[in-house]
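Contents: one structure, followed by commentary.
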2 protein chains.
Amino acid sequence: MPPTHAPAEDLVFAALASPVRREVLRLLRDEGPQPVQRLAGNFTMARPSFSEHLRVLREAGLVAERKVGRQRLYRLEAVPLNEVQQWLSPFERFWRERLAGLRDLLDQMDDER
Amino acid sequence: MPPTHAPAEDLVFAALASPVRREVLRLLRDEGPQPVQRLAGNFTMARPSFSEHLRVLREAGLVAERKVGRQRLYRLEAVPLNEVQQWLSPFERFWRERLAGLRDLLDQMDDER
DNA sequence: ATGACAGGTAGGAAATCTCCTACCTATAGT
DNA sequence: ACTATAGGTAGGAGATTTCCTACCTGTCAT
């Protein structure tokens, strides 16, 4: 492990490792801020289990909560996803080259048909 | 969980959850294909532990191996990272808005100084 | 005040992850 | 053939994750 250790980055990547948590982020993105109850309706697990997922997202800085009456409105905090993008971008040219190569190959097969 | 379940995506995100594995991908990107020994030199863990990380990366399709004599050359397979990018991109406008807002605020404070 | 509701924490079981040591297999060099 | 090297698998310990049930806290409605 190199000396440049980024704990915030670790938390974000770890949070994204769960399909449940990725889906929560998508829901908040597409449907806007919502109380826990409505979010949880999309999943079959027990409430405390879902609370745990929200805690992981909160600690990664990916969601924020606001108390409204007896509800808690969760909203997306997308800024930490910027770090993921930053990590990803130096790889981009590698997969583009590969996908371009694949496309060329398919075109070639097309020509030979 | 929605019916659209992507097991390949799960494997990729899970593989990226470890800082060790992210560093391996970076090394393969920056230094090109290398045998296990040279890769492992960057980490302090025992060899079998490192082999395990390579297995996770292989099963996610993020690296490929080629036998050369008694060595195994590992190389980056960046295409699955495209899926991560695809997942990420609908969030991009959200963090850009936030970062732009933050920048404006800082400019404003600058003006008032 | 009292009952109902939203959503959290506590504690624990089971599964998974991450690391280890010991050992196996395949190739290379003598 | 024999020894050394590269790198894997086997099996297991300990930590972490993910889920559960039971319970607590704060807010709203009557």
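No value in this document is a laboratory result; all are computed from the given coordinates. Here the structure is a predicted model, which means the values were calculated and not measured. Counting neighbours? That spans all protein chains shown, and the Cβs are built from the backbone with ideal geometry, glycine included.
Restricting attention to segment A:90-107, the residues that are within 7 Å of chain B (Cβ to nearest Cβ) and hydrophobic (A, V, I, L, M, F, W, C) add up to 4.
Kindly indicate whether any position in segment B:47-54 is touching a helix residue (DSSP H, G or I) at 6+ places or on another chain (Cβ under 9 Å) and closer than 29 Å to A:VAL24 by Cα. The answer is yes; a qualifying residue exists.
Yes/no per residue for (1) aliphatic (A, V, I, L, M); (2) touching a residue at least 40 places away in the same chain (Cβ under 8 Å); (3) closer than 24 Å to B:PRO7 by Cβ:
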| site | (1), (2), (3) |
| --- | --- |
| A:ALA17 | yes, no, yes |
| A:ARG75 | no, yes, no |
| A:PRO80 | no, yes, no |
| A:LEU105 | yes, no, no |
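If you go through segment B:61-89 and keep only what is surrounded by fewer than 13 Cβ atoms within 10 Å (Cβ to Cβ), under 18 Å from A:VAL12 (Cα atoms) and either facing chain A (nearest Cβ under 10 Å) or within 16 Å of DNA strand C (Cβ to nearest atom) (or both), you end up with just B:SER89. Taking the listed residues A:ARG26, A:ARG22, A:ARG103, A:ARG75, the one that is of a type in the set (Lys, Arg) and farther than 18 Å from B:ARG93 by Cα is A:ARG103, with no other qualifying.
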